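Q: Before anything else, here's the structure in question.
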Amino acid sequence: MPSAVLFSKISRHFGAVRAIDDLDLEIAPGEFFAMLGPSGSGKTTCLRLIAGFEQPTSGHLEIFGETMEGVPPYRRNVNTVFQDYALFPHMNIAENVAYGLMIRGVGKAERLRAAGEALEMVQLPGYGARRPGQLSGGQRQRVALARALVNKPKVLLLDEPLGALDLKLREQMQEELKVLQRTLDITFVFVTHDQGEALSMADRVAVFSDGKIMQVGTPQDIYQKPRSRFVADFVGSSNVLPPDFVETLTGLSLWASLRPEAITITDQGGYEAQAISQSYLGGSTRLGLSLNGLRLNAVVPAGKPVPESGETVRIDWDRNALHLMEAS
Amino acid sequence: MVASSSSVPDGAAMSGGSPAERPAILPGRGGFFGAFSDRVWRSQGFLLLLLLAPPVLWLGIIYLGSLFALLLQSFFSIDEFTGLIQYHFTLSTYGELFRPTNLDIIVRTVLMASSVTLASAILAFPVAYFAARYARGKWKALFYIGVMLPLWSSYLVKVYAWKLILAKEGILTWLFAKLHLTWLLDGWLSLPIIGGYSLSVSYTGTFLVFLYVWLPFMILPIQAALERVPGSYLEASSDLGAQPWQTFRHILFPLALPGIAAGSIFTFSLTLGDYIIPQIVGSSRLFIGQAVYTQQGTAGNIPLAAAFAVVPIIIMGFYLWMAKRMGAFNAL
């Protein structure tokens, strides 16, 4: 079976700006794939290339084995959930959801029935007669999802779909999206700058920076075994240790990453560090430490005493928790 | 390495010494303007009154008042023998509008206004679309200048310039001859009604000048409407399978309709009321504006002039009602 999406040596340049530079990527059918990166890293351009809103400057793009050169968006069996939802304000919700079917010439009764089903699937039954302006952000997001899914696309693209929602709604939608993706068995490609979202939802994550993919892997891989400083830094508030310090620990002059939760406060052994800041997070407290001038973050679970600023504490970590990185 | 104190600026930078000494209310500015500002701040209604009183007085007395006086005049009649106005209520003046010659004037004007409106909407849309979607920075400025520049020069100068362009010995005739298309121009001019001896004395000429003069009033509202259509709507439509013409039909056109309606109010009502253009360029047959002008001037028939002037008001009212019924303002 061919890949759902295949990028081979794709570049997309806007004048002198290389939004995407010589990129290779393969997304498997039925996969929930996240593109993670800061703004301007090329992840959205990647999505727009799949949707067909952009054409690659060079390289080759395939969707389910079919080459996409010169194929306009309206001929691609791919649908997008837009960041601003892009619901049509002059149509009601049912007409919005049924739009793709209407364009394809599906009869009115049939397409409104399908729209009603799609709205039920996103838990908005009976909302068909309302206008987009009457819905909340979360509801609009669901409508945008229904409008895309009603067309039964081969690939569903989601461009920061949860960005505008508040935390509680976002967590709820994350769950629902995962369930939907499993039941429908459609390939989801998801763009986000929120590492928590990427890790919790995706089967695999690609971390973007400056138009290049820094690392592709499962959330566990990306989180526990970052290949470079950028990935370690961007995915979670990892401590990045410089080569000279790592050399004193391991004898190897390499950059290394150390997860905050791996650092424990002990009574003896380990290293002496100064506590410098505390941020209460509810379930835990993030503790800022200075180890001979090196800034480290640690996590103190709830219930454990939190050192005051200026206090000297002994810290230690499991040697296996220290992850040496191949690239700098 | 990390600052231990918080980042509040120290007291020296602030006036008035320690926090306890600083007053909770800052001293007033004093004087008339100080008191006035406080007064306005406390009462939004007062501010609204100040802002609205002059325009409301102007609109209410000068504008609506004179319109009402006009309406009143149209219910009087003129004595055929003495030429004096008879000040008692009658509908006979309105009855006169339905005489064939007067009815011709109304039909002629409405047909001209409709075709000018339709043509300017068709011409304006691509220009407005380009300006709203693609023009940025320098190009946008160029667009605004290009659209507005004709409005900077005198309307009369432009109309006379067009008379020269359209004249039998004018530049258009010359251009058609150079392109070996004289047969086309002659063929057009030989058509009934819209043709004539030359473009400058035909309805076609009148139409072209109207179209030129009112086009900016159509471009700008459409551009404003299209400016409010995010690019993502068009992408979403395309993403959902719509070919470009389907996106135009189902998304772009409905969303631009309020702008087209607004622009058409300008082009339609301005054409209905104009009396200069048809007088300078076109056949000698009258339009409503000219009828009003001759009735109240040379003929001295103020009631009939007033009745003629009411016609565009009624037509515009009807036009807006139709536009609303057809959903032109739904996307507002």
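Q: Report, largest value first, the span of the C-alpha coordinates of the stretch A:5-231 along each principal axis, in whole Å.
A: 52, 40, 30
Q: What is the fewest-to-most order of B:TRP183, A:TRP255 by other Cβ atoms lying within 10 Å of their Cβ?
A: B:TRP183, A:TRP255
Q: Using R₀ = 60 Å, calculate the FRET efficiency as 1/(1 + (r/R₀)^6) where r is the Cβ-Cβ separation of A:SER11 and B:LEU72; round to 0.05.
A: Details: r = 75 Å, r/R0 = 1.25.
After rounding to 0.05, the efficiency reads 0.20.
Q: Just want the ordering: A:GLU31, A:GLU261, A:GLU69, from fewest to most Cβ atoms lying within 10 Å of their own Cβ. Mind showing how you got there, number by number?
A: Numbers: A:GLU31 20, A:GLU261 15, A:GLU69 10.
So the residues, fewest neighbours to most, are A:GLU69, A:GLU261, A:GLU31.
Q: If you don't mind, another one. Would you order A:HIS193, B:HIS88, A:HIS60 from fewest to most other beta-carbon atoms within 10 Å of each residue's own beta-carbon? Present the calculation step by step, with values, prior to reporting the outcome.
A: Working: A:HIS193 18, B:HIS88 7, A:HIS60 13.
The fewest-first ordering by Cβ neighbours comes to B:HIS88, A:HIS60, A:HIS193.
Q: Where nothing but the Cβ of Lys and Arg (+1) and of Asp and Glu (-1) is charged, how large is the charge dipole of the stretch B:98-325 around its Cα centre, in debye to the nearest 20?
A: Numbers: 15 positive and 7 negative charges, 38 e Å.
Computed about the Cα centre, the dipole is about 180 debye.
Q: Next up: For the stretch A:155-183, list residues with backbone N below 16 Å from a point placed 7 Å from the Cα of A:ALA28 toward its Cβ?
A: It comes to A:182, nothing else.
Q: Hey, can you rank A:2-13, A:75-86, B:65-76 by average C-beta count inside 10 Å, highest first? Can you show the working numbers first?
A: On the way: A:2-13: 18.2, A:75-86: 21.8, B:65-76: 14.7.
Going by the mean number of other Cβ atoms within 10 Å, highest first, we get A:75-86, A:2-13, B:65-76.
Q: Which order, highest average first, do B:20-28, A:237-245 follow once you tally other Cβ atoms within 10 Å for each residue and take the mean per peptide?
A: Values: B:20-28: 7.3, A:237-245: 17.0.
The most tightly packed comes first, giving A:237-245, B:20-28.
Q: Next question, about the same structure. Taking each full run of DSSP H in chain B as one helix, which ones are at least 15 Å long along their axis (Cα atoms) and have mean Kyte-Doolittle hydropathy of at least 1.0? Mind showing how you got there, number by number?
A: Values: long enough: B:31-42 (17 Å, -0.05); B:44-57 (19 Å, 2.02); B:100-133 (48 Å, 1.19); B:138-152 (20 Å, 0.91); B:155-166 (16 Å, 1.23); B:203-227 (34 Å, 1.39); B:253-273 (29 Å, 1.46); B:302-325 (35 Å, 1.59).
What comes out of the filter, once short or polar helices are dropped, is B:44-57, B:100-133, B:155-166, B:203-227, B:253-273, B:302-325.
Q: Something else about it: Can you list residues whose amide H is under 5 Å from A:VAL5's amide H, if they're 5+ apart or on another chain and H is modeled 1.01 Å from N?
A: For A:VAL5, the qualifying residues are A:ILE27, A:PHE64.
Q: Translational D (Stokes-Einstein, µm²/s) of the stretch B:193-256 at 10 °C and 1.306 mPa s when Rh comes from the Kirkwood sum over C-alpha pairs?
A: On the way: Rh = 14.4 Å.
It comes out at roughly 110 µm²/s.
Q: Report, please, the projected area of the protein assembly as shown averaged over directions, based on the convex hull of its C-alpha atoms, in nm².
A: Values: hull surface 193.0 nm².
For the protein assembly as shown, averaging the hull's shadow over all directions gives 48.3 nm².
Q: A further question follows. Can you tell me the orientation of helix A:137-149 relative to chain A, as the angle in degrees between its alpha-carbon axis and the longest Cα principal axis, to the nearest 10?
A: Once rounded, one gets 60 degrees.
Q: Project the alpha carbons of the stretch B:98-228 onto their principal axes and report the range along each, largest first, in whole Å.
A: 48, 46, 26
Q: Please list the equivalent ellipsoid semi-axes of the stretch B:98-325, computed as the square roots of five times the alpha-carbon gyration tensor eigenvalues, in descending order and whole angstrom.
A: Rounded to whole Å, the semi-axes are 34, 24, 17.
Q: Given an 8 Å cut-off on Cα distances and at least 6 residues of separation, report the relative contact order of the stretch B:98-325 as a percent. Write out the running numbers ahead of the final one.
A: On the way: 243 pairs, mean separation 60.7, N = 228.
Once divided by the residue count of the stretch B:98-325, the mean separation gives 27 percent.
Q: Continuing with this model, one more query. Compactness ratio of the stretch B:218-332: Cα Rg over 2.2 N^0.38 Å, N = residue count? Before the final figure, lay out the partial values.
A: Details: Rg = 19.8 Å, N = 115, 2.2 N^0.38 = 13.4 Å.
Here the answer is 1.49, to two decimals.
Q: Just want to confirm a number: the relative contact order over chain A, from Cα pairs under 8 angstrom separated by 6+ residues, in percent.
A: Numbers: 685 pairs, mean separation 54.0, N = 328.
Across chain A, relative contact order equals 16 percent.
Any read-out appearing in this document is the output of simple, stated calculations on the displayed coordinates, not a laboratory observation. Fair warning: this is a prediction, and the values are worked out from it, not measured in the lab. Note: ideal-geometry Cβ built from the backbone for every residue, glycine included; neighbour counts use all protein chains shown.
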